[in-house]
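Visitor: The structure that follows is given in the form of structure tokens.
Here, each number is a calculation from the coordinates, and none is a lab measurement. Keep in mind that what you see is a predicted model, and the values were worked out from it rather than measured.
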Amino acid sequence: MPKRLSDEQRGPLGARLYHARLDAGFEQKEIAEKIGIATVSYTKWETGKTDRPDIGHLKKAAELLNVDLPWLLTGEQTVSSDALNALRKELSEVSRQLEELKQSLPQPE
């Protein structure tokens, strides 16, 4: 049985790929085939044996694993402008409701 690598040994990109793949329920071979690379190449990505995977292949992997490419590369989550606008609208509505509630409270004499 192969030795399990820690996230630290895998490196940041390898660890994110590894966990995203497990969460998505894929085997390394499946991912490699679907993005058009050799299994050994994908394995090198996950184990930190290469630090320069092709960006086109990484983009395909991100789509397949249902993760954002910027998160895969940096570990930072991005928020789409649509999601940001929805949050702003929701925050505005909560603020309006709080103001109404404040107005309905009895005022101290």
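Visitor: Scan the stretch 1-37 for residues that are of a type outside the set (G, A, S) and within 16 Å of T50 (Cα to Cα) and jot them down.
Guide: L5, D7, E8, Q9, R10, P12, L13, R16, L17, Y18, Q28, I37
Visitor: Let me ask you something else. Which ones in the stretch 1-52 are of a type in the set (S, T, N, Q) and either part of a helix (DSSP H, G or I) or over 17 Å from L73 (Cα atoms) (or both)?
Guide: Listed by number, the residues that qualify are S6, Q9, Q28, T39, S41, T43, T47.
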